[in-house]
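Here is the structure we will look at.
Each reported figure results from applying straightforward, stated rules to the coordinates on display, with no laboratory input. Given the structure is predicted, the values throughout are model-derived calculations rather than measurements. All Cβ positions, glycine included, derive from the backbone under ideal geometry; neighbour counts span all protein chains shown.
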Amino acid sequence: SKPDFTLATVRRLKYDPLRHLDVITFELKNSAGATLMAVHEALAHTRFAHYSFLVCPRSRLRPAHNAELRDACAQHGLGLIMFDFVSPSQPPQLCDFRIELNPMRMTPDPYVVEEFLEARLPELTLEKLARIAGQT
């Protein structure tokens, strides 16, 4: 499974001299695609990502479905971001999104992470990421 969006960050803690790479993936789904299969797609991302989110619309008509997605994400340590459609003719706005669950940090093989980034990100972005990480 290829994530719809990938975010790579480098962070440095106040009392830790090392820098840490975090890869965060987002699997986006519409109403029809917000299923347990989508949860498993997001779970597949944890092979190369430290954090993985499922992003999907909240069902107003089926609250049990929302709970099912939430429970499945929680069981697998995935993040869940849900949003509401305020108006069917307008795309959701930032204020319409809510983080329902924060993901647990996974520990993918660093070599798999690097292979994923090199296959997924443009060369210029990889160079910038390497500079931020202090590798160049």
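Please report the net charge: other residues with Cβ closer than 13 Å to the Cβ of residue 121, K and R +1, D and E -1.
Working: positive: 2, 120, 128; negative: 114, 115, 118, 123, 127.
Around residue 121, the charge tally is -2.
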> Near residue 2, which lysines are there with a Cα under 20 Å away, not counting those fewer than 8 places off in the same chain?
Replying inline: 29
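Hey, what did the chain get for relative contact order, percent, Cα under 8 Å, at least 6 apart? Write out the running numbers ahead of the final one.
Working: 221 pairs, mean separation 29.5, N = 136.
Taking the mean separation of contacting Cα pairs over the length of the chain, I get 22 percent.
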> How much length is gained if the chain between residue 11 and residue 59 is pulled fully straight, taking 0.36 nm per residue apart and subtracting their Cα-Cα distance, in nm to one decimal?
Replying inline: 13.7 nm
> Tell me, what HN-Hα J-couplings in whole Hz come from the Karplus equation 6.51 cos²θ - 1.76 cosθ + 1.60 at θ = phi - 60° for each residue of region 95-105, using x for Gly and Pro?
Replying inline: 5, 8, 9, 9, 6, 7, 9, 8, x, 7, 6
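Please give the net charge around residue 10, taking every other residue with its beta carbon less than 9 angstrom from that of residue 10, where Lys and Arg add +1 and Asp and Glu add -1. Don't skip to the answer; put the middle values down first.
On the way: positive: 11, 12, 19; negative: 22.
Charge balance near residue 10 sits at +2.
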> Nearest 20 debye, what's the magnitude of the dipole of the chain about its Cα centre given +1 on Lys and Arg Cβ and -1 on Asp and Glu Cβ?
Replying inline: 360
> Separation of region 104-128 and region 16-82 by C-alpha centroid, Å?
Replying inline: 19
> For the residue pair residue 84 and residue 67, what label-to-label distance in nm results when each label sits 7 Å from Cα along the Cα-to-beta-carbon direction?
Replying inline: 1.9
>> At R0 = 30 Å, how high is the FRET efficiency between residue 18 and residue 126 if r is their beta carbon distance? Nearest 0.05 is fine.
In response: 0.90
>> Give me the percent relative contact order of region 38-81, please, defined on Cα pairs under 8 angstrom at least 6 residues apart.
In response: 47
>> Restricting everything to alpha-carbon atoms, can you work out Rg to Rh for the chain with a Kirkwood hydrodynamic radius?
In response: 1.02
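Calculate for the chain the 222 nm mean residue ellipticity that helices alone would give, adding -39,500 (n - 2.57) per DSSP H run of length 4 or more and normalising by residue count, nearest 500 deg cm²/dmol.
Numbers: 4 runs with 45 residues, N = 136.
Taking each H run of at least 4 residues, the total per residue is -10000 deg cm²/dmol.
For a protection proxy built on the mean count of beta-carbon atoms within 10 angstrom, sort 2-9, 46-53, 81-88 highest first, please. Write out the running numbers ahead of the final one.
Numbers: 2-9: 15.5, 46-53: 22.6, 81-88: 13.5.
Highest mean packing first, the order is 46-53, 2-9, 81-88.
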